Amino acid sequence: MRAIALFLLFALPLSASAADTIYKCIKGDRVVYSQSVCPTEYNQRELEFELGLTREVDSDRLKDPDDPLMALMSGKTISTEKLLLLIDGEIYRLKQENSYIEILRTSEKQKLDRKRFWRGAPENDPAFLKEMDEMNQRFNNLKTNNEGTISLLKERRQQVADAEKENDKP
């Protein structure tokens, strides 16, 4: 009996991690979500869920054997084209994260509202308003940090693009 309990204890996390990836199969204007790899006639994107964050990866693209971080650490340079793609990818990821933060904010607000309701407190209850302010401040700080980073990345992208244009002039 104890062996079965231990088996279940260790098997559950393994089965949960298998469901962390969902495939988004795209063909024309048709989108299908699947837990298994898409058929070959569909374009495939992987949606990975980890630590409450969602990451979308184009799994149709060939895996780049030259990791940009390793290229930087080894002293090699990254092409301007590749750098712009990396910046664009990070901007996209941060925008996705901001959207997810809003979903989390809505969920948290509903949770606090239910808690207030079951306590029988009115909507102007000072404890409820304090919790709402703290929650909004926390999510606003996360979004502000992301928006600041997006702004810096956009500035850097513009600098790189301008430098590339200067280099292309005869």
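Brief remarks follow.
- The simple spin-label model puts a point 7 Å past each Cα toward its Cβ; for GLN96 and ASP162 those points are separated by 3.0 nm.
- Residue pairs, from the table LYS82/LYS169; LYS109/LYS143; LYS24/LYS95; LYS143/LYS165, whose Cα atoms sit over 26 Å apart: LYS143/LYS165
- Accessible surface for LEU142 stands near 80 Å², nearest 10, in the context of the full protein assembly shown (1.4 Å probe).
- Placing +1 on the Cβ of every Lys and Arg and -1 on the Cβ of every Asp and Glu, with no other charges, gives the range 103-170 a dipole of roughly 340 debye about its Cα centre.
- Sequence-ordered 3J(HN,Hα) estimates for the range 97-104 from the Karplus curve with 6.51, -1.76 and 1.60 and θ = phi - 60° stand at 5, 4, 5, 5, 4, 5, 5, 5 Hz, glycine and proline given as x.
The values are calculated or read from the model by the stated rules, or taken from the named source; none is laboratory data. All values derive from a computational prediction rather than experimental measurement. For neighbour counting, all protein chains shown are included, and Cβ atoms are generated from backbone atoms with ideal geometry for every residue, glycine included. Protein only, heavy atoms only, side chains kept; ligands, DNA and RNA dropped before computing areas. Shrake-Rupley method; radii C 1.70, N 1.55, O 1.52, S 1.80 Å.
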